[in-house]
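Asks: Mind having a look at this structure? Questions to follow.
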Amino acid sequence: MTIPAAVAAPPHGGRPLSKSDLHYDLPERLIAQRPLTERGASRLLAVDGETGSCSDRRFIDLPDLLHPGDLLVFNDTRVIPARLYGHKATGGRLELLLERMVGRFQAWAHVKSSKSPKPGAELILQGEHRCRVIERDDDLFLLEFDPLGPELPQLLELIGHMPLPPYIQRADEALDREHYQTVFGCNPGAVAAPTAGLHFDQPMLERLAARGIATARVTLHVGSGTFQPLRTESLDDHRMHAEYCEVGADTVAAVERARRVVAIGTTAVRSLETAAQGGRLTPYSGDTRLFIRPGFQFRCVDAVLTNFHLPESTLLALVCAFAGYDSVMAAYRHAVAQEYRFFSYGDAMFLTRKADRPNP
């Protein structure tokens, strides 16, 4: 079914978009709590950023939206089992969510407990493994784990839990170790999945290759800040969390050869556009705080495959910048009406880019 473009006037009356402009009503029952049995069984909403029209498809139709010479850019990060449970030496329960590992025995982490621990406090984890609070920086704590015990990657495999998003109202299960992970993820470091990539399985990758559609990879270790809503009404006042990303020379060369660049997920968009902030795409490695919002000038990406994003979020701002505010918000209202599945384990969108125009 094809839906014509919306013709309603933008709600902001010519002013810059604000957080409240990125709100939409979402029934809780549409938030996907579990993955589908088959990765490629999801629905796909195709949105034309230029005309605003959208059409209801299945993810297995993706090759029909692509052409020989297109380049799909995947984020090859791998989710680590970054959630740990334990208690303070004084007995109070706590939950840790590792944000970033620093060497073999240290990590920055969020600590959820009745009272924040102070530097020097000892935390006791499952299996009597221990760590100590070194310092605090804003809402993150630097933790040092026992150097006589397993190194952090091994410790996480022993006692860590998959860090499911806060809107999934259940404990992680064995199936999440596989399903909350892309089939091509190979660089451990993320605490949230690059969810657009979850739809791909090996047969789909082989179908795409057979059609002459190339692939390349970037790495962006998705942080827990991806789930945080905008903190300020003005988008210009929001400060993005930092995430590590890497764009290699091979990917730069592949982009230069491509007929069209299709980013698989907003993390791939942010990686490529971070690496192109000097005016042209060049290899890059380091942190990014790039906040893509309406008015942003895209230099690399021509189309995006992405999941549906939270209301009033930076990622919804990104897709509005890419395909146009009116087109995206109309598509979201359509998705709600047609009962698409939302967020990490939900359905997908395929967005083509709105032509660059001056801001309204």
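Asks: Sorted by packing (mean other beta-carbon atoms within 10 Å per residue), highest first, where do 156-163, 298-305 land?
Replies: Ranked from most to least packed, the peptides come out as 298-305, 156-163.
Asks: Expected output is a single nm value to one decimal: the length gained when fully extending between Val183 and Ala210, i.e. 0.36 nm times separation in residues minus the C-alpha distance. What is it?
Replies: Additional length available on full extension: 7.9 nm.
Asks: Over region 292-360, how many percent of alpha carbon pairs lie in each 10 Å bin up to the one with the longest distance?
Replies: Histogram of Cα-Cα distances, whole percents per bin: 20, 56, 22, 3.
Asks: In addition: For region 271-360, which GluC sites (Glu not before Pro) are both in a DSSP coil and crowded by at most 14 other Cβ atoms within 10 Å?
Replies: Glu339
Asks: Could you work out how far apart the two model spin labels at Leu175 and Arg15 are, taking each label as a point 7 Å from the Cα in the direction of the beta carbon, and quote it in nm?
Replies: Label-label distance for Leu175 and Arg15, simple model: 4.6 nm.
Asks: Further question: If Lys and Arg each add +1 and Asp and Glu each add -1, what is the summed charge of the other residues whose beta carbon sits under 13 Å from the beta carbon of Lys88?
Replies: +4
Asks: Can you put Thr266, Thr51, Thr77, Thr306 in order, fewest other beta carbons within 10 Å first?
Replies: Thr51, Thr306, Thr266, Thr77
Asks: What Kirkwood radius, in Å to one decimal, follows from the Cα pairs of the chain?
Replies: Roughly 21.3 Å, rounded to one decimal.
Asks: Tell me the mean residue ellipticity at 222 nm calculated for the chain from its helices only (DSSP H runs of n ≥ 4, each -39500 (n - 2.57), averaged over every residue, nearest 500).
Replies: -5000 deg cm²/dmol
Asks: Could I ask something else about it? Using the Cα centre of region 157-207 as the reference point, and only Cβ charges (+1 on K/R, -1 on D/E), how large is the resulting charge dipole? Debye, rounded to the nearest 20.
Replies: 140 debye
Asks: In a Gaussian network model over the chain where Cα atoms closer than 10 Å are linked, find which of Gly286, Gly49, Gly127 has the largest mean-square fluctuation.
Replies: Largest GNM mean-square fluctuation: Gly127.
Asks: Right, another one. Please give the net charge around Arg78, taking every other residue with its beta carbon less than 15 angstrom from that of Arg78, where Lys and Arg add +1 and Asp and Glu add -1.
Replies: For residues surrounding Arg78, the net value is -3.
Asks: What are the principal axis extents of the Cα atoms in region 83-159, in Å, biggest first?
Replies: Extents along the principal axes: 28, 24, 19 Å.
Asks: What list of whole percents do you get for P(r) of region 29-93, with Cα-Cα distances grouped in 10 Å bins up to the one holding the largest distance?
Replies: 13, 27, 29, 15, 9, 7, 0
Asks: Using 0.36 nm per residue, how much length does the chain from Ala249 to Leu158 gain when fully extended, once their Cα-Cα distance is taken away?
Replies: Length gained between Ala249 and Leu158: 29.2 nm.
Asks: Can you list the lysines whose alpha carbon sits under 26 Å from that of Lys112, skipping same-chain ones fewer than 8 residues off?
Replies: Lys88
Asks: Give me the extension gain from Lys112 to Met240: residue separation times 0.36 nm, minus the current Cα-Cα distance, reported in nm with one decimal.
Replies: Full extension from Lys112 to Met240 adds 43.9 nm.
Asks: Now, a different point. Taking the Cα centre of the chain as origin, work out the dipole magnitude from +1 charges on Lys and Arg Cβ and -1 charges on Asp and Glu Cβ, in debye rounded to 20.
Replies: The calculated dipole for the chain is roughly 200 debye.
Asks: What fraction, in whole percent, of alpha-carbon pairs in region 58-197 exceed 21 Å separation?
Replies: Considering region 58-197, 48 percent of its Cα-Cα pairs are separated by more than 21 Å.
Asks: For the chain, modelled as a Gaussian network with Cα springs under 10 Å, which listed residue fluctuates most, Pro188, Pro203, Pro81?
Replies: Pro203
Asks: Still on this structure, I have one more. Does a label point 7 Å from the Cα of Leu65, set along Cα-to-beta-carbon, have any residues of region 281-324 with amide nitrogen under 20 Å, and which are they?
Replies: 298-311, 315-324
Values quoted throughout were computed directly from the atomic coordinates according to the rules given, and no laboratory measurement underlies them. Since we're looking at a predicted model, the values are computed, not measured. Methodologically, a virtual Cβ is constructed for each residue, glycine included, from the backbone with ideal geometry; neighbour enumeration extends over all protein chains shown.
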